[in-house]
1. So how many residues does the range 148-160 have that are part of a loop (DSSP other than H, G, I, E, B) and crowded, with 22+ Cβ neighbours inside 10 Å?
2. Tally the residues that are crowded, with 19+ Cβ neighbours inside 10 Å and over 22 Å from V72 (Cβ atoms), restricting the search to the range 99-127.
3. Within the set of pairs 6+ apart or on separate chains, which have a first residue in the range 312-323 that is among the small types (G, A, S), a second that is part of a strand (DSSP E or B), and C-beta atoms under 9 Å apart?
4. Quick check: anything in the range 293-304 among the polar types (S, T, N, Q) and in a helix (DSSP H, G or I)?
5. Checking S196 against (1) in a loop (DSSP other than H, G, I, E, B); (2) at pLDDT 95 or above; (3) of a type outside the set (D, E, K, R); (4) under 19 Å from T285 (Cα atoms): exactly one of these is not met. Which one?
6. For the range 202-216, which residues satisfy the criterion of being touching a helix residue (DSSP H, G or I) at 6+ places or on another chain (Cβ under 9 Å) and of a type outside the set (V, I, T)?
7. Return the pairs, sorted by first residue and then second, in which the second residue is hydrophobic (A, V, I, L, M, F, W, C) and in a helix (DSSP H, G or I), the first residue lies in the range 274-286 and is within 20 Å of M203 (Cα to Cα) and touching a residue at least 12 places away in the same chain (Cβ under 8 Å), the beta carbons are less than 9 Å apart, and the residues are 6+ apart or on different chains.
8. At least 3 residues that are touching a Phe, Trp or Tyr at 6+ places or on another chain (Cβ under 8 Å) and at pLDDT 95 or above in each: list the helices (runs of 4 or more DSSP H) lying fully within the range 1-113 that qualify.
Amino acid sequence: MCNVKPGTNGDHYVPYAERSGNESIVYFTRDLSAEGLKKIYERVCAPIRGKVAIKLHTGEKNGPNIIPRGWVKHLIYADLPDAHIIETNTFYEGDRDTTEKHRKTLEVNGWDFCPVDITDEEGTALLPVKGGKWFENMSVGKNMLNYDSMVALTHFKGHLMGGFGGSNKNIGIGCADGKIGKKWIHQAEGSDNMWSIAMEELMERIAESTKATIDFFGKNVIYINVMRNMSVSCDCEGVAAAPVVTPNVGIVASVDILAADQASIDLVYAMKEEEHHDLVERIETRHGLRQLSYMKELGMGNDRYILIDIDNDDARIQPADAVKDVKPFN
């Protein structure tokens, strides 16, 4: 495992009472279904206009934990009939590192009901990173610049290197192009090891990449995290992903990326020890919580929020109340 960059707090969970600043609105539903996804999308969709990109991790071949295709199809047909799913090729070798192989994987996984734009298929573009310390620009798939709005539709789960994969990881890694942007994020200059960046520095680089993309879209981007089948493994591990032992929770959505990811983390930490042990261990041993604190430092959102329960007449709830009756996934 890479060295840890000292002086930050990626292995330390910050309780709500210790946070400061403004509060954002985060919506929550326990309804893990196509209709639940549609309902929560409709709570945050006001900024979505024009040509719409749905940033979705479509998964490795036959990956068992990705967001169900039927849910995404229902959302698109009901609310986003002209939207395109967008992806980029991978940095690592596998079934998605070239456009040709990527399209075959999309076919295997059933993403055939709407256009899928592999945005680095025809080249790359540079977007400025405002206020970053690692990058002045980030290289992204050129075709992403053809869109007016983005729906970041994220399967929230663990991640081998990032600790967890929420909206930040989905955008920061998922919009960086496969050969330049992803290399800048993962690989230390002068190293031959594509996974050579220190852990907390990696979280910061991911967040800076994300900032380049969301600054491009401005206010026309929303964030939806689906907390289902939360293995400690990312969907990039496909059928090799670790078994799911964390209970399903629900779906959160916000127009604030930090609030969406922080609320998802808080929901995990609010579980009983035996329910969240494996996922929390993965998050903290990879210093994944640095994603949150660095997003706050970059001014990307608020880590304080009001959690609105759309299942119960928009009641304000605490994360502990949201997960008190969850059952382990079987």
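1. Here the count works out to 1.
2. Qualifying residue count, the range 99-127: 2.
3. A315/I308; A315/D309; A322/F28; A322/G250; A322/L307; A322/D309
4. There is at least one residue in the range 293-304 that is among the polar types (S, T, N, Q) and in a helix (DSSP H, G or I).
5. Single failed check for S196: (2).
6. Answer for the range 202-216, where residues must be touching a helix residue (DSSP H, G or I) at 6+ places or on another chain (Cβ under 9 Å) and of a type outside the set (V, I, T): L202, M203, E204, R205, A207, E208, S209, K211, A212, F216.
7. L279/V268; V280/V268; I283/I265; I283/V268; T285/M199; R286/M199; R286/L202; R286/M203
8. 34-44, 69-79
The values are calculated or read from the model by the stated rules, or taken from the named source; none is laboratory data. All of these numbers come straight from a predicted model, not from anything done at the bench. Ideal geometry is used to build each Cβ from the backbone, glycine not excepted, and the neighbour counts take in all protein chains shown.
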